[in-house]
Structures are given as structure tokens and as C-alpha cells.
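The values are calculated or read from the model by the stated rules, or taken from the named source; none is laboratory data. What you are looking at is a predicted structure, and each value in this text was computed from that prediction instead of being measured. Glycine also receives a Cβ, built like all others from the backbone with ideal geometry; neighbour counts cover every protein chain displayed. Ligands, DNA and RNA are stripped out before the accessible areas are found, and what is left, the full protein with its side chains, is counted by its heavy atoms. Shrake-Rupley method; radii C 1.70, N 1.55, O 1.52, S 1.80 Å.
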Amino acid sequence: MTSNLNGAPLSTHVPGHDADTSIMLDGFKITTRKLPILKAGPIEEMNKKLGISPPEMIFGDNFMRIEYLQSGWKIDFNAFDALDRVDKTGNAMLKVSYSKEWQQNRSKQFEDIKEVVKPFDWSYSTDYKGTATSSSLSFEPSTKPIPLALLKRPDPILFFDDVMLYEDELADNGIAMLSCKIRVMPARLLLLCRFFMRLDDVVFRIRDTRVYVEFATAEVIREYTAREEKFEVVRKALAETREDVPALMRDPNRLTDLLPIVEKSLERLVLK
Amino acid sequence: MSSGGSDLDKAIQQLRACRPIPENQVRELCYKARELLIEEGNVVGVDAPVTICGDIHGQFHDLMELFRVGGDVPDTNYLFMGDFVDRGFYSLESFLLLLCLKVRYPDRITLIRGNHESRQITTVYGFYDECLRKYGSANVWRYCCEVFDYLALGALVTGTATNLEPSEAPFADPSSQASMPGLDQDIEIETLNSNGEIMFRFARNGEVSQPSQAASAPSSSPLVDTPSRTGPSGTGATSSSNGSRGNDGGAVLCVHGGLSPLIDTIDKIRLLDRKQEVPHEGAMCDLLWSDPDEIDGWGLSPRGAGFLFGADIVKCFNHKNDLSLIARAHQLVMEGFKEMFDSTIVTVWSAPNYCYRCGNVAAILELGEDGSNAGFVRRANGDAGRKQNSVLMERGERGREGPGRRYRVFEAAPQDSRGMPAKKPVADYFL
């Protein structure tokens, strides 16, 4: 029985969170899985394996996958692998805006409480670019960009999904979220895995991984773009828009242009 | 609008239909609520039976589901542990309804403050924007914030029963009945689903094994020396009469977040000046923000602000203050509730499918009334001993038995789709 949970229910399935959807096209199979956040047991397990405590909302069962059936090559996007790339040492650790003030007052009162519990990058910033099968086929650096013109054409969308991998409210100091979107058209697909983070009064980060597949040539292009800007700079820019600033601060689509690129890479792989 | 009058009942009716009440009525309601709340201490005394609820976060339809599952006000005595607003789409209706019920039935509902009942937090996380959208000005938000400053910081539940009166309900899974303790045993925990069916039953000292985390709970910290004290728990008062142990489940402290290194007795909470915006540091801030964690003693959150506290801290605090349990909210748990540290602290979470996408269930905690003393509520007191745990067993003391706990678990209400994120994502030509 569930004695270690003292009666907490085993089955917490909520309707409307039904598992897998997929589509097959030109030898490619695209699968997405959407389930509720993890329960206490799996969270503890993940905590042990990762060595850091997972985000508050951890969709550990979810994933998005692109497979090339002929060779078995695939690329996966999931929360565990993304979190495994979060800094676990505390070297890249941010502090909330009022931390200095708080620590000064605190250290006067409690000299004995010095230890920071399990330091790690609690903003869950990740440079995750997906988990690709390690075979002879691997991504090579490239200069060929994703063909935007082809993606701007209003081709019919045969398959679309939006999958949340994790989200954390940073203890009400902002937001960190990692999510994936995919759209499959008759001749190509685009996947966007986006990490968005706002630490109030400190910093904004957007880290995008785009995977583009041209079915006819089985060509895969992967592009990674990291953007970052100080909170105050963004706030000032938004103040001039006369729009709903709090809403804009939650919308990475509206923020990308305000955050300069700090890192960019392009890779390419042909599967046949 | 006169309290207890038909105007108030009309407002309740309107809010139950999820329709906001006019601004002038909100002003009057908030004024009345403040008059009422100012009379309450920082730690409100509540007699069992009581139903304890965690975060609501503006999920109005789920609050209605909570009342359906737990019973209506005033039939059920409720204690809400804060975070009424932000995140959800109906913070305004949810908070005003709870406030109306408080003014209408002050002795049947207790509201304590969460970290979201704050000017600063509500301007970032939705409540401010919602007020602006629904009234065209920030007046209503301002009235509500003034009420926030008067909300109590905690509650102390006394007169609880050690053993649950078993629910006369069918088992959700009839085949599981055989493995559950029979009715001849003392019931410590029962978990019911939203149909009132029994999902789980746990006998005190019964054959169902103790929580596994009990074995791993740290027990290294020495106990502070506790003076013998026999007055009402939390008061520090003494009296010589103790009475029989009977079915007394001990006192339960309810706070939104948790403990503070500045607070070692409940009396110290009583001495705080609470009528202010939630400060960024200090005891009041800690009570609303801190979290229990699997650590020894106190720790600093890696975020650079905020405290974490371990099992030894909870056990010492409970021992010193003659508590059998701390109930708190503040953290999302998939199962709706989570007991930690040998059941000396529990997190209760009452917002199902949080933010309309987490897929979690919610729970409320019912504590029964100790009727064994013919209506005389014998307060918990120092001599009765402690919860069984290794720290105290080493001292050769008897464990205090905690209150019998009935958890009702429920799922998100089917809601109207206004403003809800679509279940099926809308395809878009993102780049």
C-alpha cells in the first residue's frame, strides 16, 4: 500500500492529459507525450539521479521526439536531460534582487546559519539542445542557416503540439520555463525548444534550440541561440511601449528582440 | 450592506456565481472585514472540528469544488492558510467570496495570510492586473491589500481527536478493503476521494507500516531543555491539573510557509506587529515564506534569501510548544498533501490542476473533535508526552499522539472555457 505517502493517492491522473500523439511522414516519425507533473516518488528518484532538486512543476514524463525510421536515428527533448545540464556546483548561481539586504540583516542575527543548502543554479538555466542518439551520424558545425523563407510560407500544418517540460516560479521571484513546440508541414518540420527565464529586477534569458528537417533530403539543421539582458534595461525599453508591461514580461515572443544574442551555433546533419 | 444582513447574503450569492460585486460594496466589505480582523490575534485560536485548506490561487471553480467536497460554510468550519490570489483567473471572486463568508460567519471561517497577500507580489503575479481589468481602476486592489495587512499570521487548532470517527462510506476499490484496518482499530489517517469513498485507511500503531521516511529522518540535534508546562499549548501558561489523556490529539499550528529561526515559541509570533506589508526579512517574512527540507537544522535557500528547516527543528519546536503537528501550505504537491518528518508537519495544497496545466490533485485536511471529555475541551499540555520519534525516544519520553487526519482529495472542477488555455494547442506558424 502507499504507506510511505501516508494515504496520498497513487493514481492522480487528471482527464485531459492523455499521453501520446504522433505522426508519420516520409520515413520520419514525430511523437509527443503530455502527462501531469511528477508525483512525490518519481520526484525523489529524479532528485537523487540529478543531484539537484527538480523545479516545482516538473513534467518528467513529457517528451518530444523526431525519429528517422530507416536508420533509427532520433532526437529527444525531455526534462531530465535538460536539467542534467543545469549547473550543479553553485558557480553560476544567481541571487534574488533583495538578497544582499536580506543577507546583511540575517548575518547579524544568525551567525550560525551560514550554510547554503545544496547550492546549484536554481534558475534552472540550461543550454540543452536535445538528446540525439550517439551513432556514426552526428551533427557537424555548419554555416547553413535554417531556410526561413520556406517556413514563412503558409503550408498546411499537419501536426502541431506544445509540450511543457518544466516550470518554476523561482519562489515568486520570476519565472523559469522550458517548453517545446513543433509544427509539421508536408515537406518539412520545425521544432523549437525554448528556455525562458526572468529573475525579477535581475536578468532575462531566452535560450532557443531550433531543429529543422527537410523530409525529401533528410537534412537536419540545428540552431542554438542564447539571449540575455539586464532586467532594468528591458524594463526601460518596455516602459516606452505604453503596453501592458507585466504581460509583456511574461511573453518571450515579445522579448526576444530586446535581448541581445550572447551565443549562437549552427549544426547540420544529413540522414541519408 | 449590513453584516449578517440580506445585502451580504446577496453579495455571497452573486460571488458564488463568479460575478464580481460593485466597487462600493467591495469598499464596504473590506472595511467590515478589517474591523473584524483587527480584533484577531496574530495566532487565531480555532476549536476542532475544522477543515484546513492550502493555496487557492484564484481558481474559483475549484474553490466551489472544494466546498462541494468539504461541505459548505457555515456547516463546515474552515481554516484557509493563505494564497487566495494570483496565478488563477478569478482571484478577485475567490478572495471576495471568502471575505464575505468571513464577515457573514466570523466564527466558522478563519483566513490567515499567505505570501501572495502582499502588494508587491500581487502586482507581478496577476491580482493587480485582474482588478484593473475588471474595475478599470486599482481601487479594489487597494482595498483588498489593506485587508491583507490585517490577516492573521497563523492559527492554533485545539481540541482535536487522536482517532478518527471512521467514515461510513464505501471503499473506492472494494478489493482493497481487506488490506485496510478494521473498524475495531483506532484510525489515524483516512484518505477519501471527491465522492467520499475511502481510498486509504491507516490504523494507529496498526499493521500498515510506518512511513519509510521515518527511518531516514535526521535525529542528531540535541533537544532544548523543556520546562514542564501544563497550560494551554502555545501560551506558556501553567496549571496543575492535567486530566486524563483520553482522545486528545494535541494542538496543531497552521501557518502558510513554516518556521523562523527568530521564533522558538508561539508567543513570539503573538508579539509581532503584523499590520504591514509583508517585509523582505524577519520573522513575519519567514512564517510566510520558509520551507521544510531534508536537512539538519536551519539552512539558507540557494536563492540567496529565505530559510529551509529540517526535521530536528520541527520536532524541537513541536515539543517546546506542545504541538502534535504543523500544517502549512505554500508548496505544490502532486498528491494534494505531503506529510514529512514522521508526520510532525504536513503540506496541504488545495489548487487542483495548478495554473490549469499541472495535472495535480488537491486536498483538504479534516481534524475531528475530541468529544471524550463531554464537551470540555481539554487543551493539549506538556505532560501528555510527545509524538514518537527517535529524538525523543532517546530521552525516554512517551510520544504524543497526533490528531486523527482525514484527507479529502479532489480534482479540478470542469470549468467554463472563458479565458482558459485551450486543451488542444492552437497551431501557429512560429519561427
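Listed by position, the strands (runs of 3 or more DSSP E) contained in segment B:221-339 that have at least 2 residues being modelled with pLDDT of 95 or more are B:251-255, B:323-328. Identification of helices (runs of 4 or more DSSP H) wholly contained in segment A:38-133 with 2 or more residues that are over 30 Å from A:GLU263 (Cβ atoms) yields A:40-50, A:99-109. For B:ARG27, the criteria (1) under 21 Å from B:THR122 (Cβ atoms); (2) outside any helix (DSSP H, G or I); (3) open to solvent by 10 Å² or more (accessible area, probe 1.4 Å) hold in every case but one, which is (2).
Let's see how each residue does on (1) within 11 Å of chain B (Cβ to nearest Cβ); (2) among the hydrophobic types (A, V, I, L, M, F, W, C); (3) within 26 Å of A:GLU45 (Cβ to Cβ):
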residue	(1), (2), (3)
A:ALA82	no, yes, yes
A:ALA92	no, yes, yes
A:VAL96	yes, yes, no
A:SER123	yes, no, yes
A:THR131	no, no, yes
A:SER136	no, no, no
A:ILE182	yes, yes, no
A:PRO186	no, no, no
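Whether a residue is at pLDDT 90 or above and within 24 Å of A:ALA176 (Cα to Cα) was assessed, and A:ASP61 passes this test.
The residues of segment A:200-240 that are within 15 Å of A:THR126 (Cα to Cα) and in contact with a Gly (Cβ under 8 Å, 6 or more places away or on another chain) amount to a single one, A:THR209.
The single condition from (1) surrounded by fewer than 16 Cβ atoms within 10 Å (Cβ to Cβ); (2) at pLDDT 95 or above that A:ASP251 fails is (2). Does B:GLU130 fit the bill of being in contact with a helix residue (DSSP H, G or I) (Cβ under 9 Å, 6 or more places away or on another chain), acidic (Asp, Glu) and over 25 Å from B:ILE326 (Cα atoms)? Here the answer is yes, as B:GLU130 does meet what is asked. If you go through segment A:140-166 one residue at a time, how many are facing chain B (nearest Cβ under 8 Å), of a type outside the set (A, V, I, L, M) and in contact (Cβ under 8 Å) with a residue 60 or more places away in the chain? Residues meeting the conditions: 1. Within segment B:285-297, residues that are at the interface with chain A (Cβ under 9 Å from one of its Cβ atoms) sit with their Cβ atoms under 9 Å from residues that are of a type in the set (Phe, Trp, Tyr) and outside any helix (DSSP H, G or I), at 6+ positions apart or across chains, in these pairs: B:TRP289/B:PHE307; B:ASP291/B:PHE307; B:ASP291/B:PHE309; B:ASP293/B:PHE309; B:ILE295/B:PHE309; B:GLY297/B:PHE309.
Condition check: under 30 Å from B:GLY136 (Cα atoms), buried (at least 24 other Cβ atoms within 10 Å of the Cβ) and out of contact with any strand residue (DSSP E or B) (no Cβ under 7 Å at 6 or more places or on another chain). Does B:LEU111 satisfy that? Criteria not met by B:LEU111. If you filter segment B:344-362 down to residues that are at the interface with chain A (Cβ under 7 Å from one of its Cβ atoms) and open to solvent by 10 Å² or more (accessible area, probe 1.4 Å), you find that the one that is modelled with the lowest pLDDT is B:ARG357.
Among residues of segment B:268-284 being farther than 18 Å from B:GLU146 by Cβ and over 21 Å from the mean Cα position of the chain (by Cα), the one that is farthest from the other protein chains (Cβ to nearest Cβ) is B:LEU271.
Checked across segment B:205-220, the condition of being within 27 Å of B:THR51 (Cβ to Cβ), within 21 Å of the chain's Cα centre (by Cα), at pLDDT 50 or above and within 14 Å of chain A (Cβ to nearest Cβ) holds for no residue. Among the residues of segment B:103-143, those that are of a type in the set (Val, Ile, Thr) and either touching a Phe, Trp or Tyr at 6+ places or on another chain (Cβ under 6 Å) or at pLDDT below 95 (or both) comprise B:ILE109, B:ILE121, B:THR122, B:THR123, B:VAL124. If I ask for residues that are in a helix (DSSP H, G or I), modelled with pLDDT of 95 or more and buried (at least 20 other Cβ atoms within 10 Å of the Cβ), which ones from segment A:146-184 would you list? Residues satisfying the conditions do not exist here. Scanning segment B:32-67 for residues that are in contact (Cβ under 8 Å) with a residue 12 or more places away in the chain, farther than 18 Å from B:ASN360 by Cα and not in a strand (DSSP E or B) yields B:LYS32, B:ALA33, B:ARG34, B:LEU36, B:LEU37, B:ILE38, B:GLU40, B:GLY41, B:ASN42, B:ALA48, B:PRO49.
Kindly provide the set of residues from segment A:1-24 that are open to solvent by 40 Å² or more (accessible area, probe 1.4 Å) and at pLDDT 90 or above, ordered by number. The answer is A:THR21, A:SER22, A:MET24.
Residues that are within 14 Å of chain A (Cβ to nearest Cβ) number at least 3 in the following helices (runs of 4 or more DSSP H) confined to segment B:77-184: B:119-125, B:127-135.
Taking residues in segment A:23-50 that are over 23 Å from A:ASP162 (Cβ atoms), and partners anywhere that are among the charged types (D, E, K, R) and at pLDDT 95 or above, the pairs with Cβ atoms closer than 9 Å and at least 6 places apart or on different chains are A:ALA40/B:LYS338; A:LYS49/A:ASP84; A:LEU50/A:ASP84.
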